[in-house]
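The values are calculated or read from the model by the stated rules, or taken from the named source; none is laboratory data. Everything quoted here is computed from the prediction, not taken from an experiment. A quick note on method: Cβ atoms are made from the backbone with ideal geometry, for glycine too, and the neighbour counts reach across all protein chains shown.
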Amino acid sequence: MRLVLFGATGFAGGKILREARQRGHEVVGVARHVESLAEPKEAGSLHDEKFVLDATAGADALIVAIPGRPMPDGTKLFDAVPTLFAAAARRGLRIGVVGGAGSLRVVDGGPRLIDTPEFPEEFKPEAGAHAEVLAALQEAPAGVDWFYVSPAANFGAHAPGERTGSYRLGGDVLVTDADGDSSISGDDYAIAFVDELERPTHRRQRFTVGY
């Protein structure tokens, strides 16, 4: 497959880039600053519709691994959703989004993680912004093929974890282990993400991954 990955220098984006390339896929890494990336790479923004359409010519999927919160210039991921839809319509490609865990239910029928007292205040802007993106995807035109992968609660550069090659999938409820912990390493998250690209089973759906 030919994949175009926005946010290739970030934690999740970098893991997905490496995993997909190791499996033999052609991945164009896109970021605002691409000096640290190996070819193929392009410097650009998801908020530039012409750039996105040009970059995704011939692509099978567009991967979005950028923060939801506003950037220094005031733009945020939600603002780019119309561009994602335009690329899907024009190029006939699939959209894969690295999502957040905050919009997951802690138990079936229970509150969202972001609405629990334990959820850190400093993470709420990011979690809320990603929840907006998910809601927009769920209202996407019928022809848009997308998927959104929420990680476990403990995920990110602060807790990179180790590659195990295993994971468990869930839907809209947080995946936890027997001790009630919710975590996934960056490498294993990337494995699950690329598995979905190779063998689509969650079309126009959000799913979550954890141990």
Here are some residues: LYS41, LYS15, LYS50. Which one is closer than 30 Å to VAL173 by Cα and not hydrophobic (A, V, I, L, M, F, W, C)? LYS15
Boolean, ALA38 is buried (at least 16 other Cβ atoms within 10 Å of the Cβ) and not charged (D, E, K, R): no
Matching residues in the range 54-72 - criterion: being more than 14 Å from ARG2 (Cα to Cα) and either hydrophobic (A, V, I, L, M, F, W, C) or touching a Phe, Trp or Tyr at 6+ places or on another chain (Cβ under 9 Å) (or both): VAL64, ALA65, ILE66, GLY68, MET71
Look at GLY180 and say whether it is closer than 28 Å to VAL81 by Cβ and among the small types (Gly, Ala, Ser). no
Please specify each residue of the range 101-112 satisfying the condition of being aliphatic (A, V, I, L, M), more than 18 Å from the chain's Cα centre (by Cα) and surrounded by 14 or more Cβ atoms within 10 Å (Cβ to Cβ). VAL106
List pairs: first residue in the range 161-187 and exposed (fewer than 12 other Cβ atoms within 10 Å of the Cβ), second residue at pLDDT 95 or above and polar (S, T, N, Q) anywhere in the structure, Cβ distance under 8 angstrom, at least six positions apart or on different chains. GLU162/SER185
Run down ALA131, ALA140 and say which single residue is among the aliphatic types (A, V, I, L, M), out of contact with any strand residue (DSSP E or B) (no Cβ under 7 Å at 6 or more places or on another chain) and touching a residue at least 24 places away in the same chain (Cβ under 8 Å). ALA131
Do you know which residues across the range 152-211 are closer than 15 Å to PHE11 by Cβ, among the acidic types (Asp, Glu) and in a loop (DSSP other than H, G, I, E, B)? GLU162
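In the range 70-97, what residues are among the hydrophobic types (A, V, I, L, M, F, W, C) and touching a strand residue (DSSP E or B) at 6+ places or on another chain (Cβ under 6 Å)?
To start, the set of residues in the range 70-97 that are among the hydrophobic types (A, V, I, L, M, F, W, C) comprises 71, 77-78, 80-81, 84-89, 93, 95, 97.
Once the filter is applied, which keeps residues that are among the hydrophobic types (A, V, I, L, M, F, W, C) and touching a strand residue (DSSP E or B) at 6+ places or on another chain (Cβ under 6 Å), the range 70-97 yields LEU84, ALA87, ALA88, LEU93, ILE95, VAL97.
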Between GLU19, GLU26, which is of a type in the set (D, E, K, R) and buried (at least 23 other Cβ atoms within 10 Å of the Cβ)? GLU19
Please name all residue pairs, on different chains or six or more residues apart, with Cβ atoms under 6 Å, provided the first residue is in the range 49-69 and is over 12 Å from ARG90 (Cβ atoms) and the second residue is acidic (Asp, Glu) and in a helix (DSSP H, G or I). GLY68/GLU126; ARG69/GLU126
From the set of residues in the range 131-160 that are in contact with an Asp or Glu (Cβ under 8 Å, 6 or more places away or on another chain) and within 16 Å of PRO200 (Cα to Cα), which is surrounded by the fewest Cβ atoms within 10 Å (Cβ to Cβ)? PHE147
Among the candidates ARG199, ARG168, ARG163, which residue alone is more than 18 Å from the chain's Cα centre (by Cα) and not aromatic (Phe, Trp, Tyr)? ARG163
